[in-house]
Each structure stands twice: as structure tokens, then as C-alpha cells.
Amino acid sequence: MIEKIKALLEEVSNFTTESMDEVEAFRIRMLSKKGEIPSLFKDFKSVDPSERKEVGRQLNILKQKATERLSSLKTRLEEEALAKKLEGRKPDTTMPAGFNPIGGRHPLSVVRNRINSIFERIGFVISEGPEIEDDWHNFSALNFPEEHPARDMQDTFFVSKDPDIALRTHTSSVQVRVMETQKPPIRTISPGRVFRNEAISARAHCIFHQVEGLYIDQGVSFADMKQCLLYFAREMFGKDTRIRLRPSFFPFTEPSAEMDVSCNICGGPGCPICKYSGWIEVMGCGMVDPNVLENCGIDSKKYSGYAFGMGIERIAMNIYQIKDLRMFFENDLRFLRQFKSAI
Ligand code: DAH
């Protein structure tokens, strides 16, 4: 039997052909149910037990070699046939171009761009600052007292202590940088990412986006601010929008206010979106505190100005009726695709 196996092994390793039919004929002769190799397996029962181990081993090698040989011949012939078929063919340049899916802007970018362009139309220029800030620009220059709770570990992500470096908690830090380096008149808006150590939920996140506004010149009044913000509200939420300013407090503005806009869903009477109040809270604002002007090297006797700051997520949630803030950060395409046509 060993002789027979050896002869077949030799035949297998010498076998070559250019025809697929011959490959198939060889397969049938060697490996089909009644072929040479399965027949040897059948005869294996009659092999002397002392020789079984070696014969079994050789038989398995034969079967493996035959299978490999056939499959490599088959692959080679198939590849040659394909190459022959494609020979001389040129790409068809008249074929219509393939479809390339186009992406869309992220809804936060859409809203930020709209806010930017509303203010750019009335002479504001965009300025940006670093996301990693020092204590001076994020807090001290903005008149935050030493023991102010916003400086607390609970709210701020610190990068280092002494010197105090942290992720900025608001874009108001950019107003300080602008005032330190530019002379009035200043009209600027500063969009950007901010960070706070908050538990993530449907209404809060540790990363979000703000747009800060700053206007400094001689004789700037609270009335100027009100007119500017009314213009913004009407451009953003519709021409019939009304605004209301409620007294508030920020260390960097005096007086300070919170601005609400009439609910853009119900228009005023009350609905679940405005929690039946008719108003939606949109931003903080106020007259820049003279201490802040002085901290930044601007003469507070000569100049005055207003500042405001708003959260982009909050406005986007309102405009698009998005109930969960986390959607903005998950980048689920089913969500993002809905804003494809927005610019
Ligand atoms: N920085 C404030 C915040 O993060 C927002 C703000 C309020 C900015 C009033 C201002 C302002 O410029 O005048 O909550």
C-alpha cells in the first residue's frame, strides 16, 4: 500500500494542465467518492496493525497534497482566464460618475454660524482664545473674588495648581484677551468650547459651547445693549420675537441681566416648551464692570461697554426641539443626517 501511495503522491506533484476540464477530471479520479484516495482509505482496514501508523500518516499527506494541488491549479487558471478577458480593455470614461455621499454640518456649527453672521452684519468681528486658560483670564481679570464658588474644584477642571491653569469655564475669558490687546472701539464675538465639571445628563454636559459678545466705546449705554440684543433675538427666533431683561448678577458686569425671548413655539401664551411661562431664557448680559475695564488696561472713565454670553446648545435645542443635550456629542449619524440641508 505504501508503494501505491508513493506513486500517487508523485503523480499529484507532477500533475499540471492548462485546462479546467482536466483539473476536474483529475479531481474526480483522485478525490471523488470512488476515486483513488478514498478507495485507499477503505482498504486501510486490511493494513497490518504494525504498519497502520505510518500508512495512515502517508495517506493523510497524500490527501492534503492532492487537495492543495487542485485548488492552486484552479485558482491559477481562473486568474489567467480573467486577465485574458480584461486584456486590451480601457476604462470607459463616458460612464457616469459614482455617487459620493456628501456630509452635512453639525447642528451646533449651523447654529454657531448663524449667530456669528447675525452679529457680523452689524460690525462685530470674531475673535478666539485658548481652551486651556490661566486663572487671570478666566477668573481674576473678570472680577471673580478669590473665594467665588465658580473657582471651586466642583465646577472647574484644573490642569495645574500654582500656577492655576484650567480648562476655561466660559468664553468670557476671550473678552479679557481682546481688551488687553486692542484699543476701543471694540466689537467682537467669541464662539468656542467651554468645560465644566458637571454630571452628564439630558440638560447638562461637561463640554458645551458658548458665544461671548463684547462692545466697548465711548458713551455705550444699557439702551444700546438692549437694542442690539433685540435685533439678535428677531434675527434668530423670528421677526415678532419680544425680549425681556431680568435683573441678575455676574461678577464682570454691573448692572447684570438675564435675557429671555418670547417663546418661539407658542409665541407667548404658554406651552410645554416654555413651561407655560411664555418666555425662554437665552443669555446673560450687562454693562462691563469698570473693574474689568481697568484690569484690562482700558480707562473706565472714558469708555464703557456691554457684554453678553449665550450657550449654543441651549439655542440649538430650542430651535430644533431637541430634548436631550447628549445627542450633540454622540455623533449618531441618524441624528446628524437630519441637519444635512442646513447651512
Ligand atoms: N460667562 C457667563 C456664563 O458662562 C455668561 C455671561 C453672562 C457672559 C453675562 C457675559 C455676560 O458676557 O455679560 O454663564
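The values are calculated or read from the model by the stated rules, or taken from the named source; none is laboratory data. What you are looking at is a predicted structure, and each value in this text was computed from that prediction instead of being measured. In this analysis, Cβ positions are derived from the backbone assuming ideal geometry, glycine residues included, and neighbour counts consider all displayed protein chains. SASA here: full protein model, heavy atoms, side chains in, ligands and nucleic acids out. Shrake-Rupley method; radii C 1.70, N 1.55, O 1.52, S 1.80 Å.
Summary table
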| item | result |
| --- | --- |
| Mean Cα-pair separation over length for segment 2-86, i.e. relative contact order, pairs under 8 Å, 6 or more apart, % | 42 percent |
| About the Cα centre, charge dipole magnitude for the chain (Lys/Arg +1, Asp/Glu -1 at Cβ), debye | 1620 debye |
| Protein-only accessible surface order, largest first, of Val194, Val125 at 1.4 Å | Val125, Val194 |
| Extension gain (nm, one decimal) between Ile132 and Glu294, 0.36 nm per residue minus Cα-Cα | 56.0 nm |
| Among Val47, Val282, Val261, residue whose mean-square fluctuation peaks in a GNM of the chain (springs only between Cα atoms under 10 Å) | Val47 |
| Span from the segment 299-338 Cα centroid across to the segment 163-182 one, whole angstrom | 19 Å |
| Segment 114-162: trypsin sites (Lys or Arg not before Pro) in DSSP coil with no more than 12 other Cβ atoms inside 10 Å | Arg121, Lys161 |
| Relative contact order [Cα under 8 Å, 6+ residues apart], segment 196-343, whole percent | 28 percent |
| Under 15 Å, Cβ to Cβ, from Gly103 - net charge with Lys/Arg +1 and Asp/Glu -1 | +3 |
| For Val125, residues with placed amide H under 5 Å, excluding near neighbours | Arg187, Thr188, Ile189 |
| Segment 107-339 - percent of accessible surface contributed by carbon and sulfur, probe 1.4 Å | 51 percent |
| Inter-label distance for Phe15 and Gln182, nm, one decimal - labels placed 7 Å from Cα along Cα-to-Cβ | 8.3 nm |
| Cα centroid of segment 90-115 to Cα centroid of segment 233-266, whole Å | 37 Å |
| Stretch gain in nm, segment Asp332-Ala83, where the contour uses 0.36 nm per residue and the Cα spacing is subtracted | 85.3 nm |
| Segment 191-329 shape via C-alpha gyration tensor axes, a/c threshold 1.5 | oblate |
| For segment 70-220, with +1 on Lys and Arg beta carbons and -1 on Asp and Glu, the positive-most of Leu77, Gly103, Leu214 along the dipole | Leu77 |
| Those Cys residues of the chain for which no other cysteine Cβ falls under 4.7 Å | Cys206, Cys228, Cys285, Cys296 |
| Residue pairs, from the table Lys239/Lys340; Lys183/Lys340; Lys183/Lys226; Lys6/Lys34; Lys6/Lys74, whose Cα atoms sit over 30 Å apart | Lys183/Lys340 |
| Hypothetical label at His148: residues of segment 205-249 whose amide nitrogen lies under 16 Å (7 Å Cα-Cβ projection) | 212-213, 248-249 |
| Charge tally in the Cβ shell below 15 Å around Phe335, where Lys, Arg are +1 and Asp, Glu are -1, Phe335 excluded | +2 |
| Farthest positive-ward along segment 107-339 dipole, Cα basis, beta-carbon charges - from Ala199, Pro184, Ser277 | Ser277 |
| Accessible carbon and sulfur surface of segment 2-86 relative to its total accessible area, %, 1.4 Å | 55 percent |
| Potential extension, Met1-Arg57 segment - 0.36 nm per residue separation minus Cα distance | 18.9 nm |
| Gaussian network model of the chain, Cα within-10 Å springs - most flexible of Thr181, Thr93, Thr169 | Thr93 |
| Percent RCO, i.e. relative contact order, over the chain, from Cα pairs under 8 Å lying at least 6 residues apart | 15 percent |
| Pairwise FRET efficiency - Tyr276 versus Phe99, Cβ, R0 = 45 Å, nearest 0.05 | 0.40 |
| Average accessible surface area per residue within segment 144-260, 1.4 Å rolling probe, Å² | 50 Å² |
| Inter-site label distance for Lys45 and Asp162 at 7 Å from Cα along Cβ, in nm | 9.1 nm |
| Cβ-defined net charge surrounding Asn264, 13 Å radius [Lys, Arg +1; Asp, Glu -1] | 0 |
| Segment 2-86 - accessible surface per residue (Å², probe 1.4 Å) | 70 Å² |
| Hits among lysines - C-alpha to C-alpha of Lys45 under 16 Å, sequence gap 8 or more where chains match | Lys4, Lys53 |
| Where GluC sites (Glu not before Pro) in DSSP loops with at most 16 other Cβ within 10 Å are excluded, longest remaining stretch of the chain | 199-343 |
| Chymotrypsin sites (Phe, Trp or Tyr not before Pro) within segment 266-343, DSSP loop, no more than 14 other Cβ atoms inside 10 Å | Tyr276 |
| Mean Kyte hydropathy of -1.0 or more with a Cα span along the axis of at least 20 Å, helices from DSSP in the chain | 52-86, 222-237 |
| Dipole magnitude of segment 1-83 about its Cα centre (Cβ charges: Lys, Arg +1; Asp, Glu -1), debye to nearest 20 | 540 debye |
| Residue among Phe124, Phe26, Phe157 with the largest mean-square fluctuation in a Gaussian network model of the chain, springs linking Cα atoms under 10 Å | Phe26 |
